[in-house]
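A short reminder: the numbers here are calculations on the coordinates, not readings from a lab. Nothing here was measured: the structure is a model prediction, and the numbers come from that model. All Cβ positions, even for glycine, are placed from backbone atoms using ideal geometry, and neighbour counts span all protein chains on display.
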Amino acid sequence: MAPGASLDAFRLLLRSEGLPEPLVEVVFAPPRKFRADYCWPAEKVIVEQNGGIWRKGGHSSGRGLLRDYAKSNLAQIEGWLYLTYTPQQLVDGTALADLAVVFRRSSGNQMRGPLR
């Protein structure tokens with residue numbers, strides 16, 4: 001689940017750039033119970049926050065990695081753009097820069113090129 005402080009900071013950054021706010025903890029591929037940390041259903045964009053990557057546990061254990069791979073693969077098979085960031089990347093501008101490109105493209109501005 002996305003921690004509240006990160007969510008608040010992330011939402012403020014999105015707002016400051018005029019980007020849409022996400023829905024939070026959305027089940028995106030029923031009947032599976034996988035939840036997207038941040039989700040824009042109309043654009044089919046999911047952002048996942050993976051913390052604790054520098055220590056053993058959660059997302060970095062073998063079981064956690066397999067679960068994350070299954071979730072990511074299912075989202076992509078279902079046609080979602082699935083982006084993954086650390087909590088720091090959600091607030092340091094990394095995710096924001098990528099999402100600005102994604103939403104520009106989805107709004108009809110077909111600018112091509114790398115996300116960064």
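Overview of values
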| read-out | value |
| --- | --- |
| Condition check for Val47: surrounded by 17 or more Cβ atoms within 10 Å (Cβ to Cβ), aliphatic (A, V, I, L, M) and assigned to a strand (DSSP E or B) | yes |
| Tally, over segment 89-99, of residues that are part of a helix (DSSP H, G or I) and either over 13 Å from the mean Cα position of the chain (by Cα) or under 18 Å from Ala36 (Cβ atoms) (or both) | 6 |
